[in-house]
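Okay, structure first, notes after.
Readers should treat all values here as calculations from the given coordinates under stated rules, not as data from a laboratory. Quick caveat, the model's predicted, so the values are computed rather than measured. Note: ideal-geometry Cβ built from the backbone for every residue, glycine included; neighbour counts use all protein chains shown.
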Amino acid sequence: MQTSRDLTVSSDLDNLPFVLEFVRLCCLEAGLDDDATFACELATDEACTNIVEHAYQGREGGKIYVRCQCTPEEFIVELHDNGAPFNPAQVAPPQLVGDLADREAGGLGLHLMRSLMDEVRFEFDGQNGNTVTMIKRL
Amino acid sequence: MILTHEVLKRCDVIKIKGRVDSSKAPEVEAKFQEIIGEAKRYNIVVDMSELEFASSAFLRVLIAAMKTVRGKGGGIHLATASDRMKDVFQLAGITSLFKFYDTVTQAVGDF
């Protein structure tokens, strides 16, 4: 693939299938195998859902900027938004053991992102918003 | 995503075909609501043989539905999940909450 490809969508979950297809095609172009492609798509789903639900708090007027980059060593998915600051440290980790009755639904998305990708970084800049960078090593 | 629903004598079977990303999970939630909340049926088999992709939103729907049917003495049996989907359940730490079956027939028969 080219070194970098970009897509911008509005912050509506109905756009998620287009974002995932974009990431899937970039993975295909970069020659990632099926497992790595699945991991990148799933991590992107979770990250976009966080942006829509937390950064933009369900508001549809915002934008989500998606960039896929491929280097000889890494495939990188970067998502950027101009919503409210997202601090991953404030998200309680999911409960991964225990009975059904004790399980809470939250925190799974972030956990999956970190489990599926080799590196996940969150940055917030007061002027430019949130950027999440997710890296799969090749 | 295509959802099909079959009512059998001892349980209901939901077949999910395609991709359940976070934008589609509410449709699965509505189907569970229809079966559990409206039809008052609490034994459900989910046929995952043609499920290609599912996010944590789908897992949350399954966990919530499982909590409800358990409270009514029922259960959710997961049939024919791919290895990749089983890996996602494993990563999410919820494998132990569900029973997995190699065939829909086995999943139905175990109710």
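List of remarks:
- Those residues of region A:35-55 which are more than 9 Å from the chain's Cα centre (by Cα) and surrounded by fewer than 22 Cβ atoms within 10 Å (Cβ to Cβ), in sequence order: A:D35, A:A36, A:T37, A:F38, A:E53, A:H54
- Within region A:25-40, the residues that satisfy the criterion of being more than 10 Å from chain B (Cβ to nearest Cβ), in contact (Cβ under 8 Å) with a residue 12 or more places away in the chain and closer than 19 Å to B:S82 by Cα are A:A36, A:T37, A:C40.
- Unmet requirement for A:E74, which otherwise passes all of (1) under 14 Å from the mean Cα position of the chain (by Cα); (2) in contact (Cβ under 8 Å) with a residue 40 or more places away in the chain: (1)
- Any pair with Cβ under 8 angstrom, 6 or more apart, that starts in region A:1-24 at a residue that is facing another protein chain (nearest Cβ under 10 Å) and touching a residue at least 24 places away in the same chain (Cβ under 8 Å) and ends at one that is among the hydrophobic types (A, V, I, L, M, F, W, C) and outside any helix (DSSP H, G or I): A:N15/A:V9; A:N15/A:I64; A:V19/A:L7; A:V19/A:V9; A:V19/A:I64; A:V19/A:V66; A:L20/B:F53
- Failed criterion for B:I16 (all others in (1) more than 22 Å from A:T44 (Cα to Cα); (2) assigned to a strand (DSSP E or B); (3) in contact with a helix residue (DSSP H, G or I) (Cβ under 8 Å, 6 or more places away or on another chain); (4) not basic (K, R) hold): (1)
- All conditions but one from (1) of a type in the set (A, V, I, L, M); (2) assigned to a helix (DSSP H, G or I); (3) loosely packed, with under 15 Cβ neighbours inside 10 Å apply to A:L112; the one that does not is (3).
- Look at region B:35-53: where a residue is within 15 Å of B:G73 (Cβ to Cβ) and a partner is polar (S, T, N, Q), sitting 6+ places away or on another chain with Cβ atoms under 6 Å, you get B:I36/B:T68.
- Selection within region A:115-138 - outside any strand (DSSP E or B) and within 18 Å of A:P94 (Cβ to Cβ): A:S115, A:L116, A:M117
- Selection from region B:44-93 of residues that are within 10 Å of the chain's Cα centre (by Cα), more than 11 Å from chain A (Cβ to nearest Cβ) and not small (G, A, S): B:I44, B:V45, B:V46, B:D47, B:M48, B:H77, B:L78
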